[in-house]
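A.B. asks: Take a look at this one; I'll ask things after.
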Amino acid sequence: MQNIYDIVGIGLGPFNLSLAALLNPLSNINAKFLDNKSEFSWHPELMFGDAMMQTSFLKDLVTPVDPKSAFSFLNYLVENGQFYHFLNTDRKSINRYEFEDYCKWTSKQLSNDIDFESNVIDIKHDGERFEVIKESGSYFTKNICVASGPTKNIPECARPFLSDTLFHAKSKQMKTLDLKGKKVVIVGGGQTGVETFRSALNGMWGRVEKVTLLSGRSNLQPLDEAPFTNEIFTPEFVLNFHSLSQEQKDSYTQGQLLASDGNTPQYLQEMYNELYLDRFYLKKLPDYTISPMRWLNEIGKEGQSYKLKVDNLLNQNKEVVEADIVILATGFKSVLPNFLEGLSDKIAKDTQGRVIVGQDYSIQTTIENGKIYSMNFSRHGHGVADPQTSLMSWRSAMIANDLVGETKYKTTNNSESFLSFFS
C-alpha cells in the first residue's frame, strides 16, 4: 500500500525547516521534506566571515511560537556546550555561519522527516492527491509546501553576457573567484553588494586593481531597525495588512524598502571606519569607488573587458565603467518553480502575474482536494516580512494549524500594537 503523506515540502532552506520542526512533534501528521542538496546549506556563496543576520537570534526556527521546542537556537547552544560562551559575546544577532550551523544541526535531528538528494522535476494532481515526482521515484501527498527559493534577478542588459566573468552573486563562480589584478564592478547597493564590495576590497579573492560599487539607491542606506518600524514585523500587522486592497498593499510596500532591504547599520559603520583609517593612516587598500545613484542600462564587451554604461541619476550624466569581472548583487524575484508548470493553469494570479496567496499561506487554486502552501511568494500579499526570517516560525505555525485544523501553536499576540495602523 502506498504511503500517502499529509504534506510534502519541496525545498529545505530555513523556511521549510521551520515547518518541519513544528510538525515533527505532532503525532497525527505524516510529513516529508525534500531537497536536491546532499545536506543542509544556506547561501554558501555568500558566507562572508563578517556577515551577520539582521534579526534577533530569538527569531529562530521555532521560539516565537514554541519556546519549549527542542529545535530552538538556545537548545542548540546548550546541546553543543556553547551557551555560556555565547552569552559572553553580548550579542542580539548572530553570524550567518552560526545560523547555518544551527539549521544544519536541526536538520540532523529531523533526519527521518527529510530526504536530501531528491530533485523534484514535476508535480501532478489526480483530483484526489498530489504526486511529487523526483528523478527517481514519487511521493503521494494530500498537500504540498513550496519553499524552493527565489530566482536570481538578472538585469536584461546583462543576460547575453552571463559567464565566468559576469555572474550573479549567488552563483558557483563565487566559490572559485580569483580577482588578483582585476578591475571588479559590483552592481547593487544592498547588503549582499556591500558585503561583496568590502570582501573584494580586503583581498578575500586576491588583491584587485580596482573595485567599484554601483548602486541605484541614493546612498548606502541603513536597515531601518527602529522599534516602531519593527511593529510591521508582527503577526497582527501582517494579518490586517493581508486584508487590504492590492493597490493599498503595493503602495505601502514600496515605501518600506529599508525596513527589509537596508544595510546593517553596524556593518556600514565598520566599513566607513575602515575606509577612514586607510585613507588617512594605513594607505594599504587598492583603488576603489562607491557610486550611488547609478543605473546600469547597457553592457558592451571589448576583448576580455566589459564596458558598463550607466546613468547618473543625480546629475543626468552618462558614464562608462570598465571591468574585467562583473558581480551582480541585484537581488531575487519570486516566480513559480518549473516543477509547478503542470499545475500553472490551476493557479490564480493577479493582474501583474503574481500568485494570489491566502491568509493561511496557501496559493489560490482550482484544486478541490489539497492545498499548495507557499513560502516567500507573498511579499505583495503579506508585506515586507514575507521574504525575511523574522516571522518564519509564525508563518510555519499558521500553516501547521491550518493543516491539522486546530490551534496547535499560538499565532496571535493578544496585545495591541503601539501604532494604530488599522481603524
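The values are calculated or read from the model by the stated rules, or taken from the named source; none is laboratory data. Since this is a predicted model, take the numbers as computed values, not measurements. Virtual Cβ from ideal backbone geometry, glycine too; neighbours counted across all protein chains shown.
A.B. asks: Filter the range 346-362 down to the residues that are basic (Lys, Arg), more than 18 Å from Lys124 (Cα to Cα) and outside any loop (DSSP other than H, G, I, E, B) and list them by number.
C.D. replies: Here is the first cut: in the range 346-362, the ones basic (Lys, Arg) are 346, 349, 354.
From what's left, more than 18 Å from Lys124 (Cα to Cα): 349, 354.
Correct list: Lys349 only.
A.B. asks: Considering every residue within the range 137-156, establish whether at least one is among the basic types (Lys, Arg) and closer than 23 Å to Ile399 by Cβ.
C.D. replies: Yes, some residue in the range 137-156 is among the basic types (Lys, Arg) and closer than 23 Å to Ile399 by Cβ.
A.B. asks: Might you check whether a residue that is within 23 Å of Val185 (Cα to Cα), at pLDDT below 95 and among the charged types (D, E, K, R) occurs anywhere in the range 280-287?
C.D. replies: Looking through the range 280-287, none of the residues is within 23 Å of Val185 (Cα to Cα), at pLDDT below 95 and among the charged types (D, E, K, R).
A.B. asks: Something else now. Right, Lys152: within 22 Å of Pro14 (Cβ to Cβ) and modelled with pLDDT under 95 or not? Let's see the steps before the verdict.
C.D. replies: Values: within 22 Å of Pro14 (Cβ to Cβ): yes; modelled with pLDDT under 95: no.
No.
A.B. asks: In a loop (DSSP other than H, G, I, E, B) and more than 20 Å from Leu296 (Cβ to Cβ): which single residue out of Leu239, Leu244 fits that description?
C.D. replies: Selected residue: Leu244, the only one of Leu239, Leu244 that is in a loop (DSSP other than H, G, I, E, B) and more than 20 Å from Leu296 (Cβ to Cβ).
A.B. asks: Let me ask something else about it. Please go through the range 239-269 and give me each residue that is within 15 Å of the chain's Cα centre (by Cα) and under 22 Å from Glu416 (Cα atoms), ordered by number.
C.D. replies: Ala259
A.B. asks: So, in the range 359-369, of the ones that are surrounded by fewer than 18 Cβ atoms within 10 Å (Cβ to Cβ) and of a type outside the set (S, T, N, Q), which residue ends up farthest from Leu12 (Cα to Cα)?
C.D. replies: Among them, the one singled out is Glu368.
A.B. asks: Quick one: count up the residues across the range 43-74 that are in a loop (DSSP other than H, G, I, E, B), among the aromatic types (Phe, Trp, Tyr) and modelled with pLDDT of 95 or more.
C.D. replies: Matching residues across the range 43-74 total 2.
A.B. asks: Among the residues of the range 387-410, write down those that are among the polar types (S, T, N, Q) and farther than 14 Å from Asp66 by Cβ. It would help to see each step written out before you state the result.
C.D. replies: Narrowing the range 387-410 to residues among the polar types (S, T, N, Q): 388-390, 393, 396, 401, 407.
Selection gives Gln388, Thr389, Ser390.
A.B. asks: Right, next: State whether the residues of the range 394-404 include one that is in contact with a strand residue (DSSP E or B) (Cβ under 8 Å, 6 or more places away or on another chain), hydrophobic (A, V, I, L, M, F, W, C) and either assigned to a helix (DSSP H, G or I) or at pLDDT 95 or above (or both).
C.D. replies: Checking the range 394-404: at least one residue is in contact with a strand residue (DSSP E or B) (Cβ under 8 Å, 6 or more places away or on another chain), hydrophobic (A, V, I, L, M, F, W, C) and either assigned to a helix (DSSP H, G or I) or at pLDDT 95 or above (or both).
A.B. asks: Still on this structure: Find the strands (runs of 3 or more DSSP E) located wholly in the range 265-345 whose residues include 1 or more that are exposed (fewer than 11 other Cβ atoms within 10 Å of the Cβ), and list them.
C.D. replies: Answer list for the range 265-345: 294-302, 318-323.
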